[in-house]
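Asks: Structure below; questions to follow.
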Amino acid sequence: MDYAISDHGDAAPLAVKILIAGGFGVGKTTLVGAVSEVAPLRTEEYLTHASVGVDDLEGVNGKSTTTVALDFGRITISSELVLYLFGTPGQERFWFMWNDLVNGAMGAVVLVDTRRLDVSFASIDFFESRGIPFVVGVNCFHGVRDRTQEEIRRALDLDPQVPLVLCDARDRTAGRDVLLALIDHLMAAQSRTAPHPVA
Amino acid sequence: MKHWTEGFDDDDADETLVRPYTITGGRTAPERDDLTLITLVTAISTASSETGHGLRRMQPEHRTILALCKRPLAVAEVASALNLPVSVTKILIGDLIEADQVRARPPLAFAQAGGFPGMTILEAVRDGLRNL
Ligand SMILES: Nc1nc2c(ncn2[C@@H]2O[C@H](COP(=O)(O)OP(=O)(O)O)[C@@H](O)[C@H]2O)c(=O)[nH]1
Ligand SMILES: [Mg+2]
């Protein structure tokens with residue numbers, strides 16, 4: 001049974017999501033802004049609130065309470081389908097939100113900066129361990145291609161079937177092509193295994 | 001004496017905490033946990049727009065949400081427009097769901113189900129991106 005995007009008589013479109021992940025400063029917000037139809041939006045969440053399940057004001061008023069910010073963008077595909085892009089930092093302090101972030105995500109783009117590959121290790125580990133499909137986008141800062149793709153793959157210990165795409169996070173077309181690489185990857189994975197497609 | 005809006009943009013300013021939870025009447029946790037960042041929220045146009053049927057304390061923020069959601073908006077978009085944290089926004093949207101003022105459409109849970117999005121969605125997204 002194939003899936004109809006429109007829900008029985010529901011006026012709202014279906015929302016899907018692609019995560020733009022990677023360490024600090026690799027170009028996540030830049031990529032979201034380059035492809036989004038609106039300037040990147042920003043939303044905040046209380047760190048202590050969600051992470052420890054605080055349910056009274058006493059805890060929330062504690063001095064240690066901080067917020068974390070998420071950037072996201074939107075691409076309206078049709079009246080029935082909206083794609084959201086969420087920039088998701090790799091730091092462990094954000095992981096309390098990742099259940100919500102992963103919910104409804106088709107897959108992820110992990111951005112890397114070849115000068116600081118290590119800052120994106122945590123993101124790659126996360127998607128690998130959860131079996132969430134992803135592609136790696138090599139953000140070519142200043143057009144620098146100081147490493148071969150093979151070297152980058154080896155340094156990231158990347159599974160051979162994970163696509164690696166060179167990009168410029170500031171460029172709309174390049175950003176779009178990274179997203180398309182993820183869609184191709186998902187299509188290939190689906191026709192290969194056809195496990196239990198959700199809808 | 002500092003006004004509560006002072007330092008509103010500071011990451012760790014205590015002042016930022018008081019006002020949001022005043023809006024929710026002191027509640028800090030959503031009663032429902034089914035709202036996600038991309039759950040799409042739409043105002044029910046036939047719902048009474050006056051005092052908010054069944055809503056005990058209609059805050060200005062509730063009215064703002066109803067106005068924003070004349071077209072479907074994700075929870076994250078609502079939070080961003082209100083300049084409120086996601087958890088506070090979820091509480092307010094939950095109120096409006098309870099009061100039959102808005103409808104919420106959850107996303108499909110691809111990753112949790114260990115599945116992949118179906119071809120229909122993938123093709124639609126691919127075609128949409130190509131037209132970008
Ligand atoms: N030259 C160059 N600068 C970039 C590129 N991508 C991002 N930047 C810059 O690098 C910095 C960090 O990017 P940002 O998108 O904020 O990274 P984030 O922390 O991953 O969201 C910003 O100052 C960007 O303007 C790129 O491809 N080339
Ligand atoms: Mg950023």
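Asks: Could you tell me how many of the residues in region A:112-147 are buried (at least 20 other Cβ atoms within 10 Å of the Cβ), acidic (D, E) and more than 15 Å from A:F24 (Cβ to Cβ)?
Replies: 0
Asks: Scan B:A81, B:A99 and give me the residue that is free of Cβ contacts under 8 Å to residues at least 40 places away in the same chain and either crowded, with 20+ Cβ neighbours inside 10 Å or not charged (D, E, K, R) (or both).
Replies: Working: B:A99 fails: free of Cβ contacts under 8 Å to residues at least 40 places away in the same chain.
Going through B:A81, B:A99 in turn, the sole match is B:A81.
Asks: Answer yes if at least one residue in region B:19-29 is in contact with a strand residue (DSSP E or B) (Cβ under 6 Å, 6 or more places away or on another chain) and modelled with pLDDT of 70 or more, and no otherwise. Give the steps one after another, and end with the answer.
Replies: Applying the first criterion (in contact with a strand residue (DSSP E or B) (Cβ under 6 Å, 6 or more places away or on another chain)) to region B:19-29 yields none.
No, region B:19-29 has no match at all.
Asks: Which helices (runs of 4 or more DSSP H) sit wholly inside region B:57-132 and have at least 3 residues that are at the interface with chain A (Cβ under 7 Å from one of its Cβ atoms)? Spell out the reasoning first.
Replies: On the way: elements: B:60-68, B:75-82, B:86-98, B:119-130.
In region B:57-132, B:75-82, B:119-130 are the helices (runs of 4 or more DSSP H) which contain 3 or more residues that are at the interface with chain A (Cβ under 7 Å from one of its Cβ atoms).
Asks: Restricting attention to region A:106-132, which residues are closer than 18 Å to A:G175 by Cα and within 14 Å of another protein chain (Cβ to nearest Cβ)?
Replies: Of everything in region A:106-132, those that are closer than 18 Å to A:G175 by Cα and within 14 Å of another protein chain (Cβ to nearest Cβ) turn out to be A:M106, A:G107, A:A108, A:V109.
Asks: A:D168 is checked against (1) under 21 Å from B:R130 (Cβ atoms); (2) surrounded by fewer than 18 Cβ atoms within 10 Å (Cβ to Cβ); (3) away from chain B (no Cβ under 14 Å) and fails just one. What number does that condition carry?
Replies: Looking at each condition in turn, A:D168 falls short on (2).
The values are calculated or read from the model by the stated rules, or taken from the named source; none is laboratory data. Model, not experiment: these values are computed from the prediction. Neighbour counts run over all protein chains shown; Cβ positions are idealised from the backbone, glycine included.
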